[in-house]
Structures are given as C-alpha cells and as structure tokens.
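**Student:** Take a look at the following structure, please.
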Amino acid sequence: MSEVAKAGPKPSRRKLLVYAPLGVAAAAGLGFWAMLRGLQDGSFNPRGVPSALLGKPPPDFALPALESSGLPALASTDFRGMPGPVVVNFWASWCPPCIIEHPHLMALQRQGVPVWGVNYKDRARDAQAFLTRHGNPYARLGVDKPGRVAIDWGVYGVPETYILDRNGIIRWRFAGAITPELMAQDIQPLIRRLSAR
Amino acid sequence: MIPELGHFALILAAMLAIAQSILPLWGAQRGDTRLMGSAAPLAVAGFIAITISFAALIWAYVTNDMTVVNVVANSHSAKPMLFKVTGVWGNHEGSLILWVAVLAGCSAAVAAFGAALPSALQARVQAVMGMILLGFLAFIIFTSNPFERIWPPPPDGQGLNPLLQDIGLAIHPPLLYVGYVGYAVTFAFAVAALIEGRVDAAWGRWVRPWSLAAWAFLTMGISIGSWWAYYELGWGGYWFWDPVENASLLPWLAGTALLHSAIVVEKREALKIWTVLLALMAFTLSLLGAFLVRSGVLNSVHSFASDPARGLFILGLLGIYVTGAFALFAWRAPSMAPAGVFAPISREGGIVLNNLLLCSITAVVLVGTLYPLFLDLLTGQMISVGPPFFNAATAPLALPLVMGMAVGPMLAWKRANLWPVLQRLWWVACMALLAFILTLTFAGWHVLSALGFACAFWLICGAAADIADRAGVGRTSLRNALNRARHLPRAAWGAAIAHAGMGVTILGVAGMGLAVEKLVAVPPGGSTQFAGYEWRLEGVRDFIGPNFTARKATITVLRDGRVVHVMEPSKRYFPTGRMTTTEASIRTSVAGDLYAVLGEERANEAGVNEAVLRLHNNPLAPWIWIGAGIMALGAAFSLSDRRIRIAAPARRRKDAEAEASA
Amino acid sequence: MKIFLMPSDAGRAHRRAWLRRVFPSLGHKFRLAAPAALRPDLGGGFWLLALLLLLSAPAFAQIGDTTYRLRDPEQETRAREIGKELRCLVCQNQSIEDSDAPLARDLRRIVREQVELGASNELVIRFVHERYGDFVLLRPPFRWSTLLLWATPALALLGGIFAIWRSRRQANTTGIGPLELTEAERKRLAILQGDQKA
C-alpha cells in the first residue's frame, strides 16, 4: 500500500484543478436547463434568425405597382412622414402560410393600421387572384419579382412581417405566419405603443 | 400480446437493474461475497429481459402491428422488410431500446468475460452499469415507451422518412450506439476505481480492451454516417461540422486519448488521474450527444423530433451521472498515488503530448458546438459556427498531433533519446516532403491538400518504419527481420495498422481537397467534357420502385470514344412521405469517385428539353472510409492479442520469449 | 422588372445600376468585366415546385438554374470560396454553395455578380452580413462576445500544459514509487554500501 504525502507546494490550487470538471459540468447543466425552460415558454428559439435591420431604416428601394390591383406602388421614400406605425408584409400567392395569416392582416387594416405589402417572386395574375379571393388589406403594394429587394431587407422566406415606427425605423420583425398569440402578445401592444407617442 | 410481453420484459429489466445497482455495491462495501456474486447473474438476466423486449418490438414492426403507436408513426406495410427491421431504431423510442439493449449486452459481456476480475471490482462495475441502465429504462418507461397501443388501429402506418430507407443509414446507429455504450463500460470502471480508491496496472489492463472495442465501433459508426451523407445527400461533401456530427466526434476524440492513456496506466502506472478523467469524459460526451440530439436545443437537420420535456429528463440523468462522477473524481482523485516517473522525452511523454493535443481539439469542437447556444441564451445574439471556424481552429492542433503519431510509438518507455528516433525516420520525412512537392507540382497550388498528402505519407510510412524498427530491419538480415516481424505482438501490429489507417483517411481527405465540379444543362443525346471524360446523356426515363416513382437518367462516360462507365443518377419521389430524394450515381475506383447527380429537367429557350447535371470528380474519396475501416481493423488486431485481454501470469513467459527474439 | 431579368445589354445595364446603387463606390472604381452566363426566364410554376420541395425536404431540393457559373475560373473559384463562408438560412447547416434552396441560389447569383464586378471577398461578405446579420456567417465574427470562442485552442493548450506542469511538480515533490536519487543521496548510498563491504 503506497501512501501519499498530501499535495505539493499549493494544496488549494491542486484542489481547484480537480474541481474544475465538476464546476464546468454544473455550469453547463444549468445553462441547458435554462435553455429547455426557454424552449418550452418560447423565449429560447434556436431556429429563429433575428433581423439585422432592427433599429435601422429600411434599405433604399422602389418597387413597381401591381397594375390590376389599382394600389399605389411602394418605395422607401413612402416611409417618411407617416402619422403612425406601418406594417410591411412580404407574401406570395404560392405560400400556404400566407393564406393562414391573411385574416390577421385584414383585421389590422380594419383597425386603421396601414398595411403595406411586397409581393415576392410571384406572377401578377396569381397575386391578383390571391387578393381577390382572400381579401386585400394592403394600402400600398410593391411587386418584387426577382426577390432582390427582399434580400436587401434580409428576408429569407415568406411570409415575413415588419413593423416600422412613424420615423421609418424598423422596430420589429417576425418570420413566419402571424398567429393569434402573436397578435395579442406582440403586434397589438407594439402598435399601441408606437401610436401613442 | 407480443407488445405486452415486450412491455413487461422492459419493466422486469428495470426491476433487475434496481437490484443490480444496489446489491453488488453494498456487497463490495461490506465485502460480502454472495452479494458481490449476484452482480453477474443479474446482469445476464437483465440482458435476457431486454433482448425479449427488443425482439417484441422488432416483431411488431415485422408483422405490421398497427395497434402499436410506434409502428404506426414510423413504419408502413409497403416498406421492404429490411427497412422495416432497421426502422425499429430509426426513431426516438426504438433507438432508446437499442441503446439499453446494447448497454445490457455490454453488462452481460463484462460478467461473462470478466471472470478473472477481482470480485469487488466486478461488483462495483456492474453496480454502476446497473445505475445507468436503470436511468435509461426509467426514461423509456415513463416518457418514451414504444409499446404504447392505439385502438382502433389505423389502416396503415405513416411511413418513414425515405432518407432513412437506406442500408448505410440503417447500420450507422447500431455501430454508433455500441461505441457510445462501450464507453459506459469504461465509465463504470473509472467510477468503480474511484469508489475503491485504487487505480493500478490491473485496472489499466481491464480498461484497455473495452476502450479499444468501443473505439473501433465508434470509428466505424462515424465513418459510415459520413459515407452515407456523401452518397445520399448529393452535395458531394462528407463532413460539415454539423452539431450532431460533432456530437459523435467528441466521444471519439476523448476515446482516442483514453485508449492511449490506458496503455500508460497498464504499463507504467502513470497518468492515472488523466486516464480516469478521460474515461469519465468519454461517456459524458456520449450522453451529452444523446441529450443535444433529442432535446431540441440544437439546430440541425439530423435531430430527432424533439421534445423539451424529454430533454429535461435526459438532462436530469446527465446531471446525476456526470455530476456524481465528477464529484467523486474531485473527492478521490487527489488520493490516487502517482507511481511511474518518466522523462519528458519518452513514450509516456509522447502519450502525454497526444493527450494534450487531443483534449485541446475536443475542447475546441465542444466549445464551437455549444457556443451559439450559450451565446443565444445569455445575450440573445445568434451566431453561426461553421466549417471555416472548425477547420481553422483544429488544423494547428492536428498538425503537431500527426507529426507526433509517427515518432511516439518508436520512443522508449521512461526515458528516450529523440535524435536516434528521428534519424530512423529520415526516409519517412523525405517521403512526406516528396509528396508535398509532387502535389504542388502536378495538382496546382493547393497548399492545404499538399500538406494533407505529406501528413498521409508521414503516417503510413511512419507506421511501416515502426514495424521495421521493431523487427530489427537494418540491424539483422532481412530474413531474420521478416521472421521477427511475423512474431511481433499483435498489439504492435494493431497500433501500426491503426496509425496507417489514419494516414489513409487523411490521404482521402487531401484528395477530396482537389475535387472539381461541373454544373451543366444537357439535352438527351448531348454531351459535355469533364475530368478528361466525355459525358453523354442518353436520356431520362421513368422508373417504378417498391415504394417510389423515379426519373432516371442514363449517362455514358467515354474516354477517347470508348465506353468506360454507365451512370444512372435518379430522383425518387415517395408518395407516402411526399418527399423527393436525389440518388447520386457514383463510380468508385482506386483513384477516386466519379459522381453524377440529376437536377431538374426543363425546356431551354429553344424549347428543347434539357436535364441539369451536376458532375463531380472526387479524387481518392473512397480512401476516407477505407482508412476508417483500416483503423478499426487495427483495433481488432490489438484486441485479438491475448496479452491485453487476459491477465494470466503465464503471459509473462510468452512475452519474454517474444522480446528475447526481438 | 422584366428587363432586369433579361440577359440582354439592357438587362445588364439595369443590373449594374442596381448594384451601383447598393455599392456607390463600385461603379467608377472597377472596370466592368464582360458579363457571364445567361439567366433563363423562370415562370411561377418553377418557384412553386421549388417551394414544395423546399417545404418538404429543405436540404435535398433539386438542382436547377444553377448553370449560372462565372466563365473566368479564377473568379468562379473566388465566388465559391465566398459561398462557402455564407450559411444557407433556410436549410439547417449548409453553405449557400451546397444548398439548392431558392434563397441560396439567389445569394449565389448575387455573390457571382459582385465578384464579376471586381468586389473583394470582404466586400461581398459584408454585403450579405449587413442584410442578414451574424447568423449568415459560417466563420464567427471577431468580437468581444466571440473572444472566448476564438481563444479556445490557445486556452485549451495552455490550460493543458499548465495542468501537466503542475502534476509533474507534484510527482517530483511527493516522491512516490521508483525515485530518482539526487547526487548527494547517491554519494551517501555509495558510502553506505562501501561501508558495508568494508
């Protein structure tokens, strides 16, 4: 049986070293626990991509109108001097989630919130048919057939919805279809807050 | 009826696991031989119970029992029989049954092959394995039970992802799981040693074969997964440093360090603390991988359907096992006696360097994989950590590692002279340099690939130099040396073969660095020039498979007008899963792979129907996976060496004879 | 917009005008090179099919319209290098070079157009970064928040060396197992042995 003369010159430092794996594991474990809790309540989303344009004005662009709709076109100059917040919605007729979220956009329009749309990589007649069938919430509508303006905005799929304040700064962005929870918890409060000032 | 039997067997196994966790441990603490002796029978009984359960699940799949929820969710009567069986473990619940089956199997194996283990050690090891088994069985029974029923049964199953109906993907999980679970055995040994308070040469001798076996299976599992990604996903790549790929690589890296460290404990009784820590880390990383894949925190195409509630359970298990083991380590490790002293330049020193570099690479891969998650958690920023980071961060660590791999095995134990070893390797260095220069000359200015070729030759020739040195080439006649080489201990051959295998894999990787690609739209009858061949598209036709329809293109590959290959890439459409997959056509040869993928078909501006083809020339690609096979072969060689499996004193005489003739 | 898509001179002029608006410095600084391949006109049906495939199997969508490759091999190589640094946002864990999602294709086009105009690698990557944020970069940016990440190789190595050094000092001072005798001890042993012999 071999005995050990306890530790070397600095016993406390030696102890620190053997406790290191435990410490790291415990910290990581706490972190994972927090992540799982966050996954359950929605605060942690490893698949969501935050917008790079939050707090910034939209990029310069000028999109043509959808002639058959009779709506005015959309350009970056339109965002200046608005009386209140504006909702910008990227959509397409071939996108099923866009159909699902459409009623919420109609509701916003009925409330008096300006809803402006960008038709992404679509055909004019398909877009018109979509609006005729599902309703037209858009006060302005730009057509982005090649999808370049959407790339300038950092859009990576449709539908995506942005909310800008009266000064034309992007305040909020959501990638995906708008849900009732989103309307109640995020969109409506934000619009109220941005209209108030 | 059969699923109920399976369910019952599962619960029975859990009861047995409870007994296995408590009784032998208590017996070892008290020195009660009978209680300690209960470990082996309990382990075997548990294995039988879980086998029955696993067989019941397979039966349910094979007979298309649609009253079992798991079968409905993951199978379909139209699936080919082979894939019905392999589909058993292609989902979360079934894969967990596979996991516990392998775990129980390893436990039974330790009982069966460990007759010569001191009974206290056997008892403690079985107790720890029983605890791990219990945790996973509880997880299955309470949250992920595959035997849940549904009534009335739906008419047919919802099928499986067509990507999983593939032989490569079918055997990849079992191999991986044997690897992961094999490290549970070394974990159990480490914990048992910590409880006992003693790590000695005998312990090292027990740990080594288990870590070798686990490592061999893990190597095969990872390489088959990578090979599957290469031929199935159609982008011509084979490793993306995806978080789930990293999750399988991490235990492999720790396991490689463990493998080498255990040798030092066995031979020199040094590096005890490091070896125990590595044994703990290897299994911890396996469990971490299981957690990351199944919990939903990772953003990956590989993840199983995730569920945070299940993730919490696994995190709990992880917490118990890992913090328990590390707490035990912190308490007991300082009291383990370091015995062997060695000079910095020595075989042990080489293994220390090996450990250092491997552990650093492990740390880099671990941090790189988890960093986006923790950064998102703490600050809300989302970043990506992809191949550019991993390649840049691990290459400077991998290069000295590769350089050391040829030098290390030739150093003497305890104290060695470096210069004579380097002199013996001079011709190896020349070969490496030659490879470097030749690559730059003939393949263009691809520095990284050239470096890769140099490393590959360094390792392969280094392994040859190692064998030659042990056989005494240059010191005696060639015939004598050959004779000696034949009688070298298998472990020596195993090490050389495995190191050479690593070199072969690096050769393949370096060759892939020179890969070229061409994307072209071709009408039927048209052709294009690529990689020195003429590729002529004969046509694209419809094709019906067992559960899919397909568009198949026929491409004739000609060299100088002579037909060399016919390749048939296709696109398959699976109506049940509503998915389309691309089947690449690969023509493998010693020199590399020709790889063709069929893209979309459309009419061009002139109204002619064209097919888009993506053609790759991947030099030396098959050697990547052949190299992995060689590494596993080396491990098998080492395992077949009786010296490291059996601790009988008789071996000393045999050794002495072998060494006398060397 | 139709003109934008066309391979004609007018189309090229439109595309360059768009790029110049985005990159004010580019237009007059770089000599505009001869343009490369053609971009066929794509109908909505194509995108519908692509989206269906995208929705069902993001990583395994078909290959199409990717015959857009730069004619100059050096530029094409550079474009691919840049592409390998950018993440495809819609498919998990692929670069835009590897993925066939429509967004990846669009970004590949944009990368090649800018490389054709002579933009440096940093400029092109910055262009995409400004629009999509840190997530699109496969090589994490150098920032205070990623300091720990980039320092890991060095830290791990240093930490390991420190641990080894400590444990060697440990072993040498606690003196367990076969010991090395110091010079003085060896002399003493010799004297003792010599005494015994005598």
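The values are calculated or read from the model by the stated rules, or taken from the named source; none is laboratory data. In this text, all values refer to a predicted model and were calculated from it rather than measured experimentally. In this analysis, Cβ positions are derived from the backbone assuming ideal geometry, glycine residues included, and neighbour counts consider all displayed protein chains.
**Student:** So B:Pro152 clears everything in (1) within 30 Å of B:Trp227 (Cα to Cα); (2) of a type outside the set (Asp, Glu); (3) out of contact with any Phe, Trp or Tyr (no Cβ under 7 Å at 6 or more places or on another chain) except one condition, right? Which one?
**Tutor:** Failed condition: (1).
**Student:** Restricting attention to region B:475-502, and to residues there that are without any contact (Cβ under 8 Å) to a residue 24 or more places away in the chain and among the small types (Gly, Ala, Ser), which single residue is surrounded by the most Cβ atoms within 10 Å (Cβ to Cβ)?
**Tutor:** If we take residues in region B:475-502 being without any contact (Cβ under 8 Å) to a residue 24 or more places away in the chain and among the small types (Gly, Ala, Ser), then B:Ala481 is surrounded by the most Cβ atoms within 10 Å (Cβ to Cβ).
**Student:** Looking at region B:588-622, which of its residues are buried (at least 20 other Cβ atoms within 10 Å of the Cβ), of a type in the set (Gly, Ala, Ser) and more than 17 Å from B:Thr528 (Cβ to Cβ)?
**Tutor:** B:Gly592, B:Ala621
**Student:** Within region A:83-102, can you find the residues that are closer than 20 Å to A:Trp172 by Cα and not aromatic (Phe, Trp, Tyr)?
**Tutor:** Correct list: A:Pro83, A:Gly84, A:Pro85, A:Val86, A:Val87, A:Val88, A:Asn89, A:Pro97, A:Cys98, A:Glu101, A:His102.
**Student:** Which ranges mark the helices (runs of 4 or more DSSP H) fully within region B:1-63 that have 2 or more residues being buried (at least 20 other Cβ atoms within 10 Å of the Cβ)? Talk me through it step by step, then tell me what you get.
**Tutor:** On the way: elements: B:2-30, B:33-37, B:39-62.
The helices (runs of 4 or more DSSP H) meeting that bar are B:2-30, B:39-62.
**Student:** Within region B:448-456, is there a residue that is within 19 Å of B:Ala395 (Cα to Cα) and in contact with a His (Cβ under 7 Å, 6 or more places away or on another chain)? Break it down into steps so the answer makes sense when it comes.
**Tutor:** Narrowing region B:448-456 to residues within 19 Å of B:Ala395 (Cα to Cα): B:448-456.
Those still in the list that are in contact with a His (Cβ under 7 Å, 6 or more places away or on another chain) too: none.
No, region B:448-456 has no match at all.
**Student:** Would you confirm whether any residue within region B:171-185 is hydroxyl-bearing (Ser, Thr, Tyr) and under 30 Å from B:Gln29 (Cβ atoms)? Show your work before the answer.
**Tutor:** Quick first cut of region B:171-185, residues hydroxyl-bearing (Ser, Thr, Tyr) only: B:177, B:180, B:183.
Applying the additional criterion that residues be under 30 Å from B:Gln29 (Cβ atoms) yields B:180, B:183.
The answer is yes; a qualifying residue exists.
**Student:** Still on this model: Within region A:71-103, track down each residue that is aromatic (Phe, Trp, Tyr) and part of a helix (DSSP H, G or I). If you could, list the steps in order and put the result at the bottom.
**Tutor:** Within region A:71-103, the first condition is being aromatic (Phe, Trp, Tyr), and the residues that meet it are A:79, A:90-91, A:94.
Result: A:Phe79, single match.
**Student:** Enumerate the strands (runs of 3 or more DSSP E) found wholly within region A:104-168, keeping only those where 1 or more residues are more than 24 Å from A:Ile187 (Cα to Cα). Talk me through it step by step, then tell me what you get.
**Tutor:** Working: elements: A:115-120, A:140-144, A:160-164.
The strands (runs of 3 or more DSSP E) meeting that bar are A:140-144.
**Student:** Any residue that is modelled with pLDDT of 90 or more, touching a helix residue (DSSP H, G or I) at 6+ places or on another chain (Cβ under 9 Å), buried (at least 22 other Cβ atoms within 10 Å of the Cβ) and not hydroxyl-bearing (Ser, Thr, Tyr) - is there at least one of those in region B:548-571?
**Tutor:** No, the conditions are met nowhere in region B:548-571.
Residue-wise test of (1) within 14 Å of chain C (Cβ to nearest Cβ); (2) touching an Asp or Glu at 6+ places or on another chain (Cβ under 9 Å); (3) modelled with pLDDT of 85 or more.
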site: B:Leu277; (1), (2), (3): yes, no, yes
site: B:Phe291; (1), (2), (3): no, no, yes
site: B:Ala309; (1), (2), (3): no, no, no
site: B:Ser335; (1), (2), (3): yes, no, no
site: B:Pro338; (1), (2), (3): yes, yes, no
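**Student:** From the set of residues in region B:103-137 that are under 15 Å from B:Phe187 (Cβ atoms), touching a Gly at 6+ places or on another chain (Cβ under 8 Å) and of a type outside the set (S, T, N, Q), which is surrounded by the fewest Cβ atoms within 10 Å (Cβ to Cβ)?
**Tutor:** B:Cys106
**Student:** Just to be sure, is B:Ala202 in a helix (DSSP H, G or I), crowded, with 18+ Cβ neighbours inside 10 Å and of a type outside the set (Asp, Glu)? Can you show your working first?
**Tutor:** Values: in a helix (DSSP H, G or I): yes; crowded, with 18+ Cβ neighbours inside 10 Å: no; of a type outside the set (Asp, Glu): yes.
When the stated conditions are applied, B:Ala202 does not pass them.
**Student:** To continue, here is another question. Quick one: which residue in B:Pro524, B:Pro546 is in the same structural domain as B:Ala606 (by TED's automatic domain parsing), part of a loop (DSSP other than H, G, I, E, B) and in contact with a Pro (Cβ under 7 Å, 6 or more places away or on another chain)? If you could, list the steps in order and put the result at the bottom.
**Tutor:** Numbers: B:Pro524 fails: in contact with a Pro (Cβ under 7 Å, 6 or more places away or on another chain).
Among B:Pro524, B:Pro546, only B:Pro546 is in the same structural domain as B:Ala606 (by TED's automatic domain parsing), part of a loop (DSSP other than H, G, I, E, B) and in contact with a Pro (Cβ under 7 Å, 6 or more places away or on another chain).
Conditions (1) part of a helix (DSSP H, G or I); (2) in contact with a Lys or Arg (Cβ under 9 Å, 6 or more places away or on another chain), marked per residue:
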{"position": "B:Phe240", "(1), (2)": "no, no"}
{"position": "B:Lys267", "(1), (2)": "yes, yes"}
{"position": "B:Ile273", "(1), (2)": "yes, no"}
{"position": "B:Phe291", "(1), (2)": "yes, no"}
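**Student:** Any residue in region A:33-57 that's within 14 Å of chain C (Cβ to nearest Cβ) and without any contact (Cβ under 8 Å) to a residue 40 or more places away in the chain: show its pairings with residues that are of a type in the set (Asp, Glu) and surrounded by fewer than 17 Cβ atoms within 10 Å (Cβ to Cβ) at Cβ separation under 6 Å, as long as the two are six or more apart or on different chains.
**Tutor:** Close Cβ pairs satisfying both conditions: none exist.
**Student:** Follow-up question, since we're still on this one. Considering (1) touching a Pro at 6+ places or on another chain (Cβ under 8 Å); (2) within 10 Å of chain C (Cβ to nearest Cβ); (3) hydrophobic (A, V, I, L, M, F, W, C), say which one B:Leu378 fails and leave the rest.
**Tutor:** Going through the list (1) touching a Pro at 6+ places or on another chain (Cβ under 8 Å); (2) within 10 Å of chain C (Cβ to nearest Cβ); (3) hydrophobic (A, V, I, L, M, F, W, C), B:Leu378 breaks only (1).
**Student:** Could I ask something else about it? Considering region B:351-393 alone, what residues qualify as being among the β-branched types (Val, Ile, Thr), surrounded by 20 or more Cβ atoms within 10 Å (Cβ to Cβ) and assigned to a helix (DSSP H, G or I)? Don't jump to the end; show me each part of the working.
**Tutor:** Narrowing region B:351-393 to residues among the β-branched types (Val, Ile, Thr): B:351-352, B:361-362, B:364-365, B:367, B:369, B:379, B:383, B:385.
Narrowing the set further to residues that are surrounded by 20 or more Cβ atoms within 10 Å (Cβ to Cβ) leaves B:351-352, B:361-362, B:364-365, B:367, B:369, B:383, B:385.
Passing the criteria: B:Ile351, B:Val352, B:Ile361, B:Thr362, B:Val364, B:Val365, B:Val367, B:Thr369.
**Student:** In region B:562-588, what residues are out of contact with any Phe, Trp or Tyr (no Cβ under 8 Å at 6 or more places or on another chain) and either without any contact (Cβ under 8 Å) to a residue 12 or more places away in the chain or among the aromatic types (Phe, Trp, Tyr) (or both)?
**Tutor:** B:Arg562, B:Val563, B:Arg578
**Student:** Checking the condition at pLDDT 85 or above and under 26 Å from B:Ala363 (Cβ atoms), which residue from B:Gly237, B:Gly179 passes?
**Tutor:** Details: B:Gly237 fails: at pLDDT 85 or above.
Only one candidate qualifies: B:Gly179.
Here's the yes/no breakdown for (1) more than 7 Å from every other protein chain (Cβ to nearest Cβ); (2) surrounded by 20 or more Cβ atoms within 10 Å (Cβ to Cβ); (3) under 20 Å from C:Glu130 (Cα atoms); (4) at pLDDT 90 or above:
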residue	(1), (2), (3), (4)
C:Ile63	no, yes, no, no
C:Arg71	yes, no, no, no
C:Thr77	yes, no, no, no
C:Leu86	yes, yes, yes, yes
C:Leu89	no, yes, yes, no
C:Ala104	yes, yes, yes, no
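A quick yes/no check of all residues on (1) outside any loop (DSSP other than H, G, I, E, B); (2) of a type in the set (A, V, I, L, M, F, W, C); (3) not assigned by TED's automatic domain parsing to the domain that holds C:Thr152:
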{"site": "C:Tyr68", "(1), (2), (3)": "no, no, yes"}
{"site": "C:Arg78", "(1), (2), (3)": "yes, no, yes"}
{"site": "C:Glu81", "(1), (2), (3)": "yes, no, yes"}
{"site": "C:Leu89", "(1), (2), (3)": "no, yes, yes"}
{"site": "C:Arg109", "(1), (2), (3)": "yes, no, yes"}
{"site": "C:Arg112", "(1), (2), (3)": "yes, no, yes"}
{"site": "C:Ala119", "(1), (2), (3)": "no, yes, yes"}
{"site": "C:Phe127", "(1), (2), (3)": "yes, yes, yes"}
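**Student:** Now a separate question. On the basis of being in the same structural domain as B:Tyr533 (by TED's automatic domain parsing), out of contact with any Gly (no Cβ under 9 Å at 6 or more places or on another chain), on the phi > 0 side of the Ramachandran plot and surrounded by fewer than 22 Cβ atoms within 10 Å (Cβ to Cβ), does B:Arg578 make the cut?
**Tutor:** Details: in the same structural domain as B:Tyr533 (by TED's automatic domain parsing): yes; out of contact with any Gly (no Cβ under 9 Å at 6 or more places or on another chain): yes; on the phi > 0 side of the Ramachandran plot: yes; surrounded by fewer than 22 Cβ atoms within 10 Å (Cβ to Cβ): yes.
The answer is yes for B:Arg578.
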